[in-house]
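Note sheet for the following structure.
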Amino acid sequence: MPTEEKLQSITGEIEQQIKIALFKRNMTQAELSKKIRENEAQVSQAINGYPGKRFIRIRRKIYNFLDIK
């Protein structure tokens, strides 16, 4: 599998894990953004796999908050 396809696959898996965790907690992305004190748009971008240090930091906060390992 080419590198870009691998990246898209992994990004999709992470997005899915986060969305399932939110669903189990009956929580929206907007509610999550308030809980972790981050901008809604940036939380959405982080969940969707945007690269960059800011989005990595936000994803780590999301993993910690939602207890995703």
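Only the coordinates and a few stated rules stand behind these numbers; no lab work does. Here the structure is a predicted model, which is why all the values come from computation and not from measurement. Using ideal geometry, Cβ is built from the backbone for each residue, glycine included, and neighbour counts are taken over all protein chains shown.
Is it the case that GLU31 is touching a residue at least 12 places away in the same chain (Cβ under 8 Å) and either surrounded by 13 or more Cβ atoms within 10 Å (Cβ to Cβ) or not hydroxyl-bearing (Ser, Thr, Tyr) (or both)?
When the stated conditions are applied, GLU31 does not pass them.
Which residues, counting only those in the range 43-60, are closer than 14 Å to GLU15 by Cα, touching a residue at least 12 places away in the same chain (Cβ under 8 Å) and among the charged types (D, E, K, R)?
Once the filter is applied, which keeps residues that are closer than 14 Å to GLU15 by Cα, touching a residue at least 12 places away in the same chain (Cβ under 8 Å) and among the charged types (D, E, K, R), the range 43-60 yields only ARG59.
Which residue, of ASN64, ASN26, is out of contact with any strand residue (DSSP E or B) (no Cβ under 8 Å at 6 or more places or on another chain), among the polar types (S, T, N, Q), free of Cβ contacts under 8 Å to residues at least 24 places away in the same chain and not in a helix (DSSP H, G or I)?
Values: ASN64 fails: not in a helix (DSSP H, G or I).
Answer to the selection: ASN26.
Taking the range 35-53 only, how many residues are in a helix (DSSP H, G or I) and either within 12 Å of the chain's Cα centre (by Cα) or surrounded by 12 or more Cβ atoms within 10 Å (Cβ to Cβ) (or both)?
Filtering the range 35-53 for residues in a helix (DSSP H, G or I) gives 35, 40-47, 53.
Now drop any that are not either within 12 Å of the chain's Cα centre (by Cα) or surrounded by 12 or more Cβ atoms within 10 Å (Cβ to Cβ) (or both), which leaves 35, 40-47.
The total comes to 9.
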